[in-house]
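Nothing in this text is a laboratory measurement; each read-out follows from the coordinates by a stated rule. Predicted model only: the values in this text are computed from it and were never measured. Don't worry about glycine lacking a Cβ; one is built from the backbone with ideal geometry, like all the others, and counts go over all protein chains shown.
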Amino acid sequence: MFNLAVFPNINKEQSAAILARIKEFCRSHGVGLRLPADAARFFDCEEYADKENFARYPADLALSIGGDGTLLGVCRRMGARGVPVCGINIGTLGFMADIEPDELENKLKKILAGNYRIEERLLLSGWIKSGGKEHFLSDAVNDVVVAKGSVSRMLRFTLGINGNELMECKADGFIVASPTGSTAYSLSAGGPIINPIVPALILTPICAHTYYMRPLVVSENDVVSIDIANVHQDTVVTFDGQESFRLLPGDSVVVKKAKLPARIVKFEDKDYYKILQKKMWGEQN
């Protein structure tokens with residue numbers, strides 16, 4: 001039996017209708033279906049809740065129902081298990097989600113027939129270095145961001161690569177993005193757009209107070225460190241904009257390639273550059 005793990009965004013109005021269609025498809029095609037317990041309770045379908053340990057459910061594939069943010073969270077959650085993730089887009093841009101609502105049943109049939117490919121995307125691993133020791137914080141599909149909080153004061157930091165101090169800079173913050181995340185926060189801060197399959201890291205300052213600090217593209221195998229010179233109480237490091245940790249004086253944030261990639265389901269009728277044109281510039285045509 002083919003088994004699906006489904007993660008619906010409870011804050012999206014369309015989630016209930018999409019979930020109902022998935023349930024009907026699974027019933028009619030003999031597909032196993034499980035939801036996290038909290039989502040199953042919210043949508044009044046507790047018969048699909050995993051009563052024991054959802055993390056051990058033998059999922060062949062995970063579906064996210066929402067926007068790219070929902071997909072990012074599922075990728076982080078399922079990445080360590082190597083489970084491929086496919087997104088159903090009921091968000092806004094939807095760069096990563098490969099299924100639109102009107103395609104749902106057709107794309108689910110393609111999944112059962114194995115008519116899809118899996119793209120392995122670079123996953124970022126974020127660590128905090130304190131007292132000479134590194135402690136793991138979280139993974140990120142899009143980006144790891146060091147930024148100030150509510151206080152309108154610039155941060156002073158030192159950027160390092162592979163243990164070498166590259167430069168000191170004043171800025172509102174700093175972004176380490178994957179190619180997948182090049183169309184997210186990094187793009188808003190002036191970073192380049194990079195095809196997600198390119199093996200690289202993107203280093204983008206946020207409102208740098210100097211003309212010589214520009215976005216950098218480096219190897220995916222480089223290890224990036226961000227040492228904060230004047231850490232305020234409200235300085236944080238965030239992962240995909242969803243998980244955050246406060247920084248203490250003397251802390252350094254270290255970002256490097258994770259051991260395992262994120263595995264995202266893609267279909268042959270979806271081309272990255274066509275999606276880019278449609279999502280970014282389609283309204284101009």
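Note on the stretch 244-285: with charges restricted to the Cβ of Lys and Arg (+1) and Asp and Glu (-1), its dipole about the Cα centre is near 220 debye.
Near Arg27: Cβ cut-off under 13 Å, other residues only, Lys/Arg at +1 and Asp/Glu at -1. The net charge is -1. Relative contact order for the stretch 24-171: 12 percent, from Cα pairs under 8 Å spaced at least 6 residues apart, divided by residue count. Using only Cα atoms and rounding to the nearest 10 degrees, what angle (0 to 90) does helix 104-113 make with the longest principal axis of the chain? Tilt of helix 104-113: around 90 degrees. Note on the stretch 181-265: the alpha carbon radius of gyration divided by the globular reference 2.2 N^0.38 Å gives 1.18. What you get for the chain, charging only the Cβ of Lys and Arg (+1) and of Asp and Glu (-1), is a dipole of about 300 debye around the Cα centre. At the listed q of 0.13, 0.14 Å⁻¹, the Debye profile of the stretch 60-168, built from one uniform point per Cα, gives log10 I(q)/I(0) equal to -0.67, -0.74.
Taking the Cα centre of the chain as the origin and placing charges on Cβ (Lys, Arg +1; Asp, Glu -1), which of His209, Thr70, Cys26 is farthest toward the positive end of the dipole? It is His209, whose Cα lies furthest towards the positive end.
Figure legend: label point modelled 7 angstrom from the Cα of Lys129 along Cα→Cβ; residues of the stretch 223-264 with amide N under 12 Å from it are 223-228, 251-256. Ordering of 266-276, 136-146, 172-182, 248-258 by packing is 172-182, 136-146, 248-258, 266-276, highest average first (other Cβ atoms within 10 Å, averaged per residue). Gain on full extension, evaluated as 0.36 nm per residue between Asp50 and Arg27 minus their Cα-Cα distance, stands at 6.6 nm. Normalising by residue count, the stretch 131-214 has a Cα convex hull of 129 Å³ per residue. The charge dipole of the stretch 171-285, taken about its Cα centre with unit charges on the Cβ atoms of Lys, Arg (+1), Asp and Glu (-1) only, comes to about 320 debye.
3J(HN,Hα) couplings calculated from phi for the stretch 255-268 with the Karplus curve 6.51 cos²θ - 1.76 cosθ + 1.60 (θ = phi - 60°) are, in sequence order, 10, 8, 5, 6, 5, 10, x, 7, 10, 10, 6, 10, 10, 5 Hz; Gly and Pro show x. Only lysines eight or more places from Lys170 in sequence, or on another chain, were considered; those with a Cα closer than 22 Å are Lys129, Lys148. Taking Cα atoms only, the orientation of helix 15-29 departs from the longest principal axis of the chain by about 50 degrees. At q = 0.09, 0.14 Å⁻¹ the log10 of I(q)/I(0) for the chain amounts to -0.47, -1.01, computed by Debye summation with a single uniform scatterer per C-alpha, solvent ignored. Computed on the stretch 132-204, with alpha-carbon pairs under 8 angstrom and 6+ residues apart, the relative contact order is 28 percent.
Summing +1 for each Lys or Arg and -1 for each Asp or Glu among the other residues whose beta-carbon sits under 11 angstrom from that of Gly250 gives -1.
Only helices enter this figure: runs of n ≥ 4 DSSP H residues, each worth -39500 (n - 2.57), summed and divided by the residues of the chain, yield -5000 deg cm²/dmol at 222 nm to the nearest 500. With K and R counted +1 and D and E -1, the other residues having a Cβ less than 14 Å from that of Gly67 yield a net charge of -3.
The orientation-averaged projected area of the convex hull spanned by the Cα atoms of the stretch 1-73 comes to 4.7 nm².
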